Amino acid sequence: MRNKILCRLGEVSTKIGNRNEFIKILKKNVQVTLRDFDNIVVDRSFDRMIISYDAKDQEPIVDALQHVFGLSSYSVIEVVPLDLDVIVDTALKQMQTQPTATFKVFTKRSNKNFPFISDQINRAVAGAILKATDHTVDVHHPEIPVRVEIKQNEAYVSVQTYPGLKGMPVRMAGRGALLLSGGFDSPVAGYLANKRGLEYIAIHFETMPYTSLQALDKVLKLAQKISVYQNQTHVHVVPFTMVQLAINQHVPESYRITIMRRMMVRIANMIAKANRARVLISGESLGQVASQTISSLETINAVSSQLILRPVITYDKMEIIELARSIDTYDLSTLPYDDCCTVFTPKHPTTNPSIAKATKYESFHDFEPLLQTAVVETKKYIVNKEGITLVKE
């Protein structure tokens, strides 16, 4: 038996000029997300999509669509003839499988030649449900929306509607490079970048032996968690130890975190450009720590040849943690394995650095060869739901 899911599109429906491109990318994303299921067919119907699938796969497909940005909602539908009695019968049978709840009937009648108007359909369906079940009507906040759509040659009936992630289809806005650490903030920043249509590669800085293999494993597993929203992620692991040691040796302690971030941005620019990523994505939140004041961010931005997006810049810590819980990265982020940002944090970092002083302190040592070596020796992993694979030693 073949079942169908009707997908309602989110912001793509408002982007008149780019609608075709939006739907093309979204359709491809849905197909890739559902690639493990047999006999999947995804068809476009104006600004909607209909997925046909084998009935046995319904529950995992419904779950998988929870990872696709660009869908406002989706419903499991039954396609029936344009016959009011059949429509009413179908809605009633579907509602008889649901636990007792409140409901409201919503009819969308695009076929104006159908002999019954929307209100008549609503009343016929609701009347049958009220007569034969214990469900009750709530026109303001129904627990079950009963949806009927009258098309040109058929009708859709549904009582199972799921909220989508909304946002824009991933890859619609291009590609960025996510500066990924083991904390709460950067995985959430990656998720939010996906929501605005950005695909990303990830860049992580390790400082072996000062950080552990467990710290790297933690970051790779975080990347794997959030890769479900873009199907897979390329993670570039940068050996940052020699750069960090040079900073500690040549830079005043109060400026070490600022200079460290500037060096990371320079390296990230090089890796991003080599991978056609046009922007950097960072998990910085304004005022959360010493390196995230206006002066600090300004001083860090000064060395970047690319725009730096900071999706959580106005979020407080509790808001970030709430999002981390919702995308299932919270538990991983709490694991007690420090990364380089934690291990080398000075006791008294400046909260008001200047570009002039940062430039002066950087002149105390020739960092450029160290940066180039770090880029050359960067390892690359591909992570997805199937696993984590090292592809470049």
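Where a number appears in this text, it was derived from the coordinates with a stated rule and is not lab data. Keep in mind that this is a model prediction, so the values were computed, not measured. Glycine also receives a Cβ, built like all others from the backbone with ideal geometry; neighbour counts cover every protein chain displayed.
Would you work out if the range 303-393 is rounded, prolate or oblate? Take a ≥ b ≥ c from the square roots of the eigenvalues of the alpha-carbon gyration tensor; rounded if a/c is under 1.5, else prolate when a/b is larger than b/c, oblate otherwise.
Values: a/c = 2.04, a/b = 1.24, b/c = 1.64.
It is oblate, given that a/c is not under 1.5 and a/b is not larger than b/c.
What's the long-distance tail for the chain, i.e. % of Cα pairs beyond 40 Å? Write down the numbers at each step before the final one.
On the way: 23814 of 77028 pairs.
Considering the chain, 31 percent of its Cα-Cα pairs are separated by more than 40 Å.
Listing His236, His140, His204 from the residue with the fewest other Cβ atoms within 10 Å to the one with the most, what is the order?
Working: His236 23, His140 6, His204 26.
If I rank by nearby Cβ atoms, fewest first, I get His140, His236, His204.
On a 22 Å Cα-Cα criterion, which of the cross-link pairs Lys112/Lys166; Lys27/Lys218; Lys218/Lys380; Lys221/Lys379; Lys28/Lys385; Lys24/Lys392 come out too long?
Lys112/Lys166; Lys27/Lys218; Lys24/Lys392
Simple spin-label model, 7 Å along Cα-to-Cβ: Arg278 to His365 in nm?
About 3.6 nm, to one decimal.
Quick one: grab Rg to one decimal and Dmax as a whole number for the range 1-88, Cα atoms only, in Å.
13.6, 41
Provide the net charge surrounding Gln31, with neighbours chosen by a C-beta distance below 12 Å and charges set as Lys +1, Arg +1, Asp -1, Glu -1.
Computed value for this residue: +3.
With the chain treated as a Gaussian network of Cα nodes joined by springs under 10 Å, which of Tyr210, Tyr191, Tyr200 yields the largest mean-square fluctuation?
Tyr210
Of the candidates Lys380, Lys360, Lys273, which one comes out as most mobile in a Gaussian network treatment of the chain with C-alpha springs shorter than 10 Å?
So, out of Lys380, Lys360, Lys273, the one fluctuating most is Lys360.
Length gain on complete extension for the stretch Asp47 to Leu130, per 0.36 nm per residue less the alpha carbon to alpha carbon distance?
26.6 nm
Need one word for the range 199-312: rounded, prolate or oblate. Basis is the Cα gyration tensor (sqrt eigenvalues a ≥ b ≥ c); a/c below 1.5 gives rounded, then a/b vs b/c decides. Intermediate results must be reported in sequence, preceding the final value.
Details: a/c = 1.64, a/b = 1.24, b/c = 1.32.
Oblate.
Express as a percent, rounded to the nearest 5, the fraction of DSSP beta bridges in the range 2-163 (both residues included) that run antiparallel. Present the calculation step by step, with values, prior to reporting the outcome.
Details: 29 of 38 bridges.
Looking only at bridges with both residues in the range 2-163, the antiparallel portion is about 75 percent.
Quick one: if you stick a label point 7 Å off each Cα along the C-beta vector at Phe37 and Met242, how many nm between them?
Between Phe37 and Met242, the label points sit 5.0 nm apart.
Nearest-5 percent of antiparallel DSSP beta bridges in the chain? Please list the in-between numbers first.
Numbers: 40 of 67 bridges.
Given both bridge residues lie in the chain, the antiparallel proportion sits at roughly 60 percent.
Kirkwood hydrodynamic radius of the range 174-392 from all distinct Cα pairs, in Å? Let's see the in-between values first.
Working: mean 1/r = 0.0580 Å⁻¹.
Roughly 17.2 Å, rounded to one decimal.
Assuming a ≥ b ≥ c are the square roots of the Cα gyration tensor eigenvalues, decide whether the range 2-163 counts as rounded (a/c under 1.5), prolate (otherwise, with a/b larger than b/c) or oblate.
Values: a/c = 1.85, a/b = 1.51, b/c = 1.23.
Cα axes put the range 2-163 in the prolate bin.
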